[in-house]
Amino acid sequence: MSHVTREDGHLVVAAVRVLAHRLGGPPTPEQAAELLGMAPETVRLHVMALQEAGIITLVTSAYESHLEVRDHALLDQLEKGTEQAAMDEALAEFDQRKQEEAERMSQLFTDGEHERRRKDKFKGMDEGLMNFEKKKPRNPFGDDDS
């Protein structure tokens with residue numbers, strides 16, 4: 001069985017539909033390849049795989065071969081390409097990290113840790129201010145009164 005990804009399948013089916021609309025009849029595999037900017041051999045391989053899946057039919061007559069869409073809903077049963085699978089995996093990892101971060105933030109505010117840190121920070125600032133008032137800064141010009 002030939003292999004075609006869901007994305008490539010959608011491209012070929014879309015090309016067949018667009019060309020059928022433009023030409024007023026079913027296109028040839030070569031016309032679909034020209035529209036997609038692919039090699040005709042590549043499109044024929046995709047067409048064979050799509051034909052095996054029951055999505056497209058390659059009708060061959062004495063005069064020509066043309067493509068017809070049979071059941072476009074079967075495109076969703078094709079496997080995703082590696083790029084799409086990698087993207088889905090990266091998005092799942094991102095969602096997981098965001099969920100963990102949201103849980104950490106939620107826990108920070110619910111267990112009072114944030115309030116304790118805030119109070120400790122203000123206490124440290126108060127102590128620093130009190131020490132600042134007790135010590136007189138040194139005069140950089142050396143004219144100390146003491």
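Each value in this text was obtained by applying a stated rule to the coordinates, not by laboratory testing. A quick note: this is a predicted structure, and the numbers were derived from the prediction, not measured. All Cβ positions, even for glycine, are placed from backbone atoms using ideal geometry, and neighbour counts span all protein chains on display.
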Additional length obtainable on full extension of the chain from Phe141 to Glu34, 0.36 nm per residue less Cα span: 30.0 nm
Relative contact order of the chain, pairs being alpha-carbon contacts under 8 Å that are 6 or more residues apart, as %: 20 percent
Which of Ala32, Val43, Leu19, positive extreme of dipole for the stretch 2-78 (C-beta unit charges): Leu19
Projected-area mean, the chain, by convex hull of Cα positions, square nanometres: 20.4 nm²
Check: the stretch 1-80 dipole with +1 on Lys, Arg Cβ and -1 on Asp, Glu Cβ, in debye: 160 debye
Exposed-loop-free span, longest in the chain, where GluC sites (Glu not before Pro) count as exposed if DSSP calls them loop and at most 14 other C-beta atoms lie within 10 Å: 80-146
Principal-axis tilt of helix 113-134 within the chain, Cα atoms, nearest 10 degrees: 40 degrees
Dimensionless Rg over Rh [the stretch 6-77; C-alpha; Kirkwood]: 0.92
CD proxy at 222 nm, helix term only [per DSSP H run n ≥ 4: -39500 (n - 2.57); per residue of the chain; nearest 500]: -21000 deg cm²/dmol
